[in-house]
1. Debye sum, Cα scatterers, the stretch B:268-339, no solvent: what log₁₀ I/I(0) at q = 0.11, 0.18, 0.28 1/Å?
2. Pull up all non-local amide H partners of A:Ser236: gap of 5 or more, or a different chain, and H-to-H distance under 5 Å with H placed in the peptide plane.
3. Rounded if a/c is under 1.5, else prolate if a/b beats b/c, else oblate: with a ≥ b ≥ c from the C-alpha gyration tensor eigenvalues square-rooted, which is the stretch B:108-186?
4. Using the Cβ atoms and a cut-off under 13 Å, what net charge is assigned to the surroundings of A:Ser224, where Lys and Arg are +1 and Asp and Glu are -1?
5. Let's test the formula: R0 of 25 Å, r as the Cβ-Cβ distance of A:Ser440 and A:Ser203. What FRET efficiency results, to the nearest 0.05?
6. At a 1.4 Å probe, what is the % contribution of carbon and sulfur to the accessible area of the stretch A:197-336?
7. Convert each backbone phi in the stretch B:203-216 into a coupling constant with the Karplus relation 6.51 cos²θ - 1.76 cosθ + 1.60 (shift: θ = phi - 60°), then list the ³J(HN,Hα) values in order as whole Hz, x for Gly and Pro.
8. Rounded to whole Å and ordered largest first, report the semi-axes of the equivalent ellipsoid of the stretch B:14-159 derived from its Cα gyration tensor (root of 5λ).
Amino acid sequence: MAPFPLSRAQRPEGAAGGKAKQLPPARTSSRQPCERVAAAPGFRVRVAAVAEGGAGAARLGDTMALRWWWWRWCGAPSRRAPALGSLPRLRPPGPGCRSPPPPAPGAAVCHFTQRSSTFSFPKICNIFWRCSKTASDEKYQDPFQLGRKDLKNLYEDIKKELLVSTVELKEMCDYYFDGKGKAFRPMIVVLMARACNIHHNNSREVQASQRSVAIIAEMIHTASLVHDDVIDDANSRRGKMTVNQIWGERKAVLAGDFILSAASLALARIGNTTIISVLTQVIEDLVRGEFLQLGSKENENERFAHYLEKTFKKTASLIANSCKAVSILGCPDPKVHEIAYQYGKNVGIAFQLIDDVLDFTSCADHLGKPAAADLKLGLATGPVLFACRQFPEMNAMIMRRFSKPGDVERARKYVLQSDGVQQTTYLAQRYCHEATREISKLRPSPEREALIQLTEMVLMRDK
Amino acid sequence: MSHLCSCSKTASDEKYQDPFQLGRKDLKNLYEDIKKELLVSTVELKEMCDYYFDGKGKAFRPMIVVLMARACNIHHNNSREVQASQRSVAIIAEMIHTASLVHDDVIDDANSRRGKMTVNQIWGERKAVLAGDFILSAASLALARIGNTTIISVLTQVIEDLVRGEFLQLGSKENENERFAHYLEKTFKKTASLIANSCKAVSILGCPDPKVHEIAYQYGKNVGIAFQLIDDVLDFTSCADHLGKPAAADLKLGLATGPVLFACRQFPEMNAMIMRRFSKPGDVERARKYVLQSDGVQQTTYLAQRYCHEATREISKLRPSPEREALIQLTEMVLMRDK
């Protein structure tokens with residue numbers, strides 16, 4: 001039983017006035033367990049009218065999410081958290097996590113983290129067997145298997161771009177390209193490339209330039225991680241120490257610069273000015289996103305928009321623009337470019353929302369990086385912002401960025417007592433549905449189905 | 001600039017003009033235009049990014065770029081106009097240069113530059129990293145907007161060279177003979193590559209002849225190396241207030257520059273200090289004394305002269321113009337500067 005959608009009778013008239021649009025019928029395949037929560041009858045949400053692509057589409061992260069925010073807290077009269085008893089029965093995290101937090105009644109342990117299978121590159125079959133139980137194998141394939149051939153040598157090729165003679169510096173730069181990351185972004189890029197190529201002229205081949213985009217995207221992402229870890233003074237990532245922790249902040253700055261310069265050179269070599277512009281925009285968005293993260297908003301309503309904008313710039317922009325880039329290389333139709341961009345953007349935002357949820361619900365060992373990291377950085381993410389509506393006493397903590405001793409613990413407790421995690425997860429679902437809706441406009445293909453599968457994987461990951 | 005005019009006493013005024021006057025019009029709004037590229041809403045971050053674009057730097061690099069642009073345009077078709085794209089190259093080059101300074105100051109933990117505190121000193125290392133990233137990303141966007149893939153490749157090469165140059169600086173060579181080659185390579189990558197490739201970029205935009213591109217590149221490379229050699233000399237001969245940054249800074253960073261490498265030939269006892277990067281207490285002072293006792297400074301200055309002559313030789317292949325003469329003047333300014 002879904003906790004939050006109001007039935008039509010309860011929903012105040014005109015609260016979300018204008019062109020409220022019924023969602024397209026939820027996909028009926030049992031591949032999507034989350035639909036039980038999503039498709040409550042009578043539930044209406046205004047789907048974002050997607051305007052132009054590019055930076056404008058990120059404008060405060062979609063009308064969809066903002067309307068949801070408003071409807072949830074302002075349109076519904078005197079609405080507090082649903083009675084605890086009405087929350088869905090949530091199962092505790094699976095055996096993969098060594099010391100799971102005890103799930104109190106109504107505690108916001110994500111329904112979707114019950115699967116313990118890791119999401120790592122080599123181990124792929126488990127998740128998909130469970131997700132694809134009722135589907136025929138030939139139609140629904142594991143995205144990672146589909147993309148495996150293209151990405152097999154991805155990390156080797158990246159290392160070739162980073163030729164540097166000094167052993168120490170080579171170690172530094174190769175540190176994150178050991179193939180143990182999730183390879184999520186290159187996977188999406190390669191699958192999108194094929195899906196667009198097939199849509200255009202039934203060709204399943206990935207062009208060399210499209211593969212370059214995957215490489216460049218991963219390098220840009222990694223360079224920004226290295227610098228972010230310096231800026232945030234982080235000491236672990238992907239289950240191991242950060243570059244700055246091992247070699248020092250200064251060399252980490254240099255390593256990040258180097259990876260970025262290698263990415264820029266590879267980009268210049270593609271020789272296509274449109275692609276160069278699209279991916280250079282990502283570099284700017286990453287930096288602006290980090291700036292946004294350093295700042296904060298006083299007004300509660302501004303805060304959520306600010307959070308979505310930061311999420312777009314820091315996470316979704318890279319995926320959206322890489323998808324757009326490969327679609328431009330594969331197909332001349334601007335509608336396809338927009339589809340690719342919107343898919344990437346929605347998946348990217350969902351990915352980050354789940355990341356923010358996992359920061360509360362998962363434990364450090366399993367995540368590969370410290371948990372409650374966002375609070376310790378002073379960041380008020382989705383779960384916190386939602387919880388704050390139920391517990392206004394959190395406002396003061398948010399404004400001082402959880403800097404007082406005990407703030408982090410208190411905030412964490414509030415979040416776990418509230419429905420912040422569920423709300424954020426639900427929002428991520430909406431974004432995944434939007435991504436699915438967009439990508440479904442392309443010609444059917446195994447890659448298109450894999451991209452749809454991928455949105456589910458985003459929702460169901462636990463690290 | 002007055003002491004420069006006194007150097008050209010025997011030349012007629014109309015032939016030999018002050019390079020900075022010639023380029024002034026083009027560069028008048030350079031720093032304003034750079035700031036426009038760096039639109040950022042937060043006051044603090046805007047302050048950080050605009051910090052070095054206050055117009056008080058030497059504007060040496062943009063000057064060369066703009067003069068080279070005109071010299072090439074005139075050589076090609078007698079046009080004295082600077083194209084918009086060529087002016088963009090000047091802006092981009094200055095932004096790339098500044099972004100690398102901001103990061104270098106973090107990497108070197110420097111606390112003053114251009115007569116004032118560094119970005120990392122005022123706002124902290126972390127925000128300085130971000131500011132450097134931001135300026136570089138703005139430069140990359142401006143570069144992408146030029147829409148010419150050759151230019152994009154040429155200037156992106158600079159970005160890589162700057163980083164590789166900093167890597168070279170962090171490393172060191174055991175063999176004395178290798179050391180000097182290593183020093184020149186680092187000097188090229190850290191300083192000369194930007195000037196050489198910006199000159200090449202504007203020549204490509206202004207003239208289709210590959211010989212002209214090579215002339216521009218060689219001029220920029222030789223002037224750039226000379227510029228750095230003199231910089232390394234000034235680190236020994238000038239005092240901190242005048243320089244705008246601490247003197248003997250290179251030794252304190254553990255760097256063995258031209259004067260040191262030459263001095264080492266006369267005083268082999270410097271070898272050990274070089275190998276340990278002047279890390280023992282008293283090393284910096286001892287090394288400095290050795291250098292000033294040796295002919296290291298003169299040798300390095302002489303080498304810089306040779307590079308300037310090479311630059312002059314190259315640029316003289318272009319059609320005569322006030323800009324060409326100004327570029328020749330500029331090589332003399334490089335040799336005679338004291339800060």
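The values are calculated or read from the model by the stated rules, or taken from the named source; none is laboratory data. Not measured: the values here are computed from a predicted model. FYI the Cβ positions are ideal-geometry reconstructions off the backbone, even for glycines, and counts take in every protein chain you see. In case anyone asks, the SASA skips ligands and DNA or RNA and just uses the protein heavy atoms, side chains included. Shrake-Rupley method; radii C 1.70, N 1.55, O 1.52, S 1.80 Å.
1. Computed log10 I(q)/I(0) values: -0.47, -0.77, -1.17.
2. A:Thr242
3. Values: a/c = 2.91, a/b = 1.13, b/c = 2.57.
Cα axes put the stretch B:108-186 in the oblate bin.
4. On the way: positive: A:Arg185, A:Arg237, A:Arg288, A:Lys313, A:Lys314; negative: A:Glu218, A:Asp228, A:Asp229, A:Asp232, A:Asp257, A:Glu284, A:Asp285, A:Glu290, B:Asp133.
For residues surrounding A:Ser224, the net value is -4.
5. On the way: r = 20 Å, r/R0 = 0.82.
In this case the efficiency is close to 0.75.
6. On the way: 1990 of 4430 Å².
So the carbon and sulfur contribution to the accessible surface is 45 percent.
7. Each residue of the stretch B:203-216 in turn: 6, 5, 6, x, 7, x, 7, x, 5, 5, 4, 5, 4, 4 Hz.
8. Numbers: eigenvalues 167, 61, 33 Å².
In descending order the semi-axes read 29, 17, 13 Å.
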